[in-house]
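These notes are about the structure you will find just below.
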Amino acid sequence: MDEVEKLTKDHYKRVREQRFLEFAGKALQDGGDDARGVKAENLDWESTFFVRHLPESNLAELPDLDDGYRRVMKRFAGELEALAERLLDLLCQNLGLEKGYLARAFRGPSGVPTFGTKVSSYPPCPRPDLVSGLRAHTDAGGIILLFQDDRVAGLQLLKDGEWVDVPPMRHSIVVNLGDQLEVITNGRYKSVMHRVVAQPDGNRMSIASFYNPGGDAVIFPAPALVKAEEAAEAYPRFVFEDYMKLYMRHKFEAKEPRFEAFRSVETESSNRSIAIA
């Protein structure tokens with residue numbers, strides 16, 4: 001973890017900082033519109049790149065990463081993948097599901113989950129009143145493992161209608177759950193609304209690894225977690241790739257309309273089948 005932190009912060013300073021400062025300067029010009037005319041409230045004060053691990057790694061293809069950083073990130077990803085799989089089995093145990101149920105649900109027909117890492121820096125922001133570090137949202141996928149800065153704060157989660165700080169913690173992994181686990185557990189677990197508040201001082205590091213279902217995985221509530229009297233109100237069934245297409249258009253909106261959209265499709269399909277019969 002120390003190696004990952006050092007190399008990530010060095011990489012930002014060496015490769016990404018100047019690019020971000022140029023972008024940020026434009027984004028705060030003319031009352032907060034960026035060069036594309038996008039309002040500041042619809043922007044995020046972050047510099048980020050994404051590493052794909054599964055089903056196929058793109059680590060060797062990413063520009064500007066030195067070989068030492070690639071090697072360390074590969075090792076780190078391997079450890080986090082194993083941790084995610086252990087956590088899935090612990091969730092099974094807690095829910096009364098057979099061991100391996102969630103892992104199988106994530107693999108889908110292709111037999112491989114989707115796994116990737118978002119590497120972000122949240123530099124000091126001169127106008128935190130104008131722009132967010134990252135706007136409020138739930139994560140679309142399954143288990144999110146966050147290695148965050150141990151000095152600079154900013155991450156908050158929504159609990160009981162109040163925003164609660166997630167304090168920086170050294171050598172710790174913050175575990176977050178996404179929308180797919182809410183569906184598979186039929187609401188026993190909930191995806192968490194969270195955000196990053198831009199800070200006037202300090203450069204916050206965030207390395208979030210997303211262990212998600214495969215694109216072709218069919219997601220639906222585990223039958224063992226759906227009581228007979230709850231069947232009509234159970235979460236919908238859909239293909240993860242289809243959910244992601246909807247999510248990308250509505251990421252910074254409430255999750256419930258996304259679930260309802262697929263429930264409506266499911267109901268319409270069921271009604272059509274009855275009519276044909």
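The values are calculated or read from the model by the stated rules, or taken from the named source; none is laboratory data. No experiment lies behind these values; they were computed from the predicted model shown. Note: ideal-geometry Cβ built from the backbone for every residue, glycine included; neighbour counts use all protein chains shown. Only protein heavy atoms, including side chains, enter the accessible area calculation; ligands, DNA and RNA are left aside. Shrake-Rupley method; radii C 1.70, N 1.55, O 1.52, S 1.80 Å.
Are there strands (runs of 3 or more DSSP E) fully within segment 118-198 with at least 2 residues that are of a type in the set (D, E, K, R)? List them.
Answer list for segment 118-198: 162-165.
Being at pLDDT below 90, of a type in the set (A, V, I, L, M, F, W, C), touching a Leu at 6+ places or on another chain (Cβ under 9 Å) and part of a helix (DSSP H, G or I) is the filter here; which residues of segment 2-32 pass it?
Matches in segment 2-32: A27 only.
Would you call E256 open to solvent by 60 Å² or more (accessible area, probe 1.4 Å) and either over 26 Å from R135 (Cα atoms) or at pLDDT below 90 (or both)?
no
Taking the stated definitions as given, is R127 over 18 Å from the mean Cα position of the chain (by Cα) and either open to solvent by 10 Å² or more (accessible area, probe 1.4 Å) or over 19 Å from E5 (Cα atoms) (or both)? Lay out the reasoning, then the answer.
Numbers: over 18 Å from the mean Cα position of the chain (by Cα): yes; either open to solvent by 10 Å² or more (accessible area, probe 1.4 Å) or over 19 Å from E5 (Cα atoms) (or both): yes.
Judged against the criteria, R127 is a match.
Which condition number does S110 fail, the rest of (1) under 18 Å from G214 (Cβ atoms); (2) hydroxyl-bearing (S, T, Y); (3) open to solvent by less than 20 Å² (accessible area, probe 1.4 Å) being met?
(3)
N186 - would you say it is within 26 Å of V4 (Cα to Cα) and either among the aromatic types (F, W, Y) or touching an Asp or Glu at 6+ places or on another chain (Cβ under 9 Å) (or both)? Working first, answer last.
Numbers: within 26 Å of V4 (Cα to Cα): no; either among the aromatic types (F, W, Y) or touching an Asp or Glu at 6+ places or on another chain (Cβ under 9 Å) (or both): yes.
Spelling it out, it is not the case that N186 is within 26 Å of V4 (Cα to Cα) and either among the aromatic types (F, W, Y) or touching an Asp or Glu at 6+ places or on another chain (Cβ under 9 Å) (or both).
Go through (1) over 26 Å from A222 (Cα atoms); (2) surrounded by fewer than 15 Cβ atoms within 10 Å (Cβ to Cβ); (3) touching a helix residue (DSSP H, G or I) at 6+ places or on another chain (Cβ under 6 Å) and name the single condition G161 misses.
With (1) over 26 Å from A222 (Cα atoms); (2) surrounded by fewer than 15 Cβ atoms within 10 Å (Cβ to Cβ); (3) touching a helix residue (DSSP H, G or I) at 6+ places or on another chain (Cβ under 6 Å) applied to G161, the lone miss is (3).
Considering only segment 225-242, state which residues are under 16 Å from Y189 (Cβ atoms) and either modelled with pLDDT under 90 or in a helix (DSSP H, G or I) (or both). Full working, then the answer.
At the first step, the residues of segment 225-242 found to be under 16 Å from Y189 (Cβ atoms) are 225-226, 230, 234-235.
Residues satisfying the conditions are L225, E230.
I'm told E85 meets every condition in (1) outside any strand (DSSP E or B); (2) closer than 28 Å to E253 by Cβ except one. Can you identify the failing condition by its number?
Here E85 clears every test but (2).
Look at segment 176-192 and say how many of its residues are open to solvent by 40 Å² or more (accessible area, probe 1.4 Å) and within 11 Å of the chain's Cα centre (by Cα).
Result for segment 176-192: 1.
Just to be sure, is A222 modelled with pLDDT of 95 or more and more than 30 Å from C125 (Cα to Cα)?
yes
For segment 71-84, name all the residues that are open to solvent by 20 Å² or more (accessible area, probe 1.4 Å) and either out of contact with any strand residue (DSSP E or B) (no Cβ under 9 Å at 6 or more places or on another chain) or among the aliphatic types (A, V, I, L, M) (or both).
R71, R75, E79, A82, L83
For a quick check of your reading of the model, give me the residue pairs whose first member lies in segment 48-70 and is under 15 Å from T8 (Cβ atoms), whose second is of a type in the set (F, W, Y), with beta-carbon atoms closer than 9 Å and at least 6 apart or on different chains.
Close Cβ pairs satisfying both conditions: L62/F49; L62/F50; D64/F49; L65/F49.
Can you pull out every residue in segment 40-70 that is under 30 Å from V131 (Cβ atoms), assigned to a helix (DSSP H, G or I) and open to solvent by 70 Å² or more (accessible area, probe 1.4 Å)?
Listed by number, the residues that qualify are E41, N42.
Quick one: which residue in A224, A232 is surrounded by fewer than 18 Cβ atoms within 10 Å (Cβ to Cβ) and without any contact (Cβ under 8 Å) to a residue 12 or more places away in the chain?
The unique qualifying residue is A232.
Exactly one of (1) touching a strand residue (DSSP E or B) at 6+ places or on another chain (Cβ under 8 Å); (2) at pLDDT below 95; (3) under 23 Å from L83 (Cα atoms) is unmet by P123. Its number?
Condition (3) is where P123 drops out.
Given T48, T114, which one is hydroxyl-bearing (S, T, Y) and within 26 Å of F20 (Cβ to Cβ)?
T48
If I filter segment 88-96 for residues that are open to solvent by 10 Å² or more (accessible area, probe 1.4 Å), in contact with a Ser or Thr (Cβ under 9 Å, 6 or more places away or on another chain) and not in a strand (DSSP E or B), do I get at least one hit?
Yes, there is a match, as at least one residue in segment 88-96 is open to solvent by 10 Å² or more (accessible area, probe 1.4 Å), in contact with a Ser or Thr (Cβ under 9 Å, 6 or more places away or on another chain) and not in a strand (DSSP E or B).
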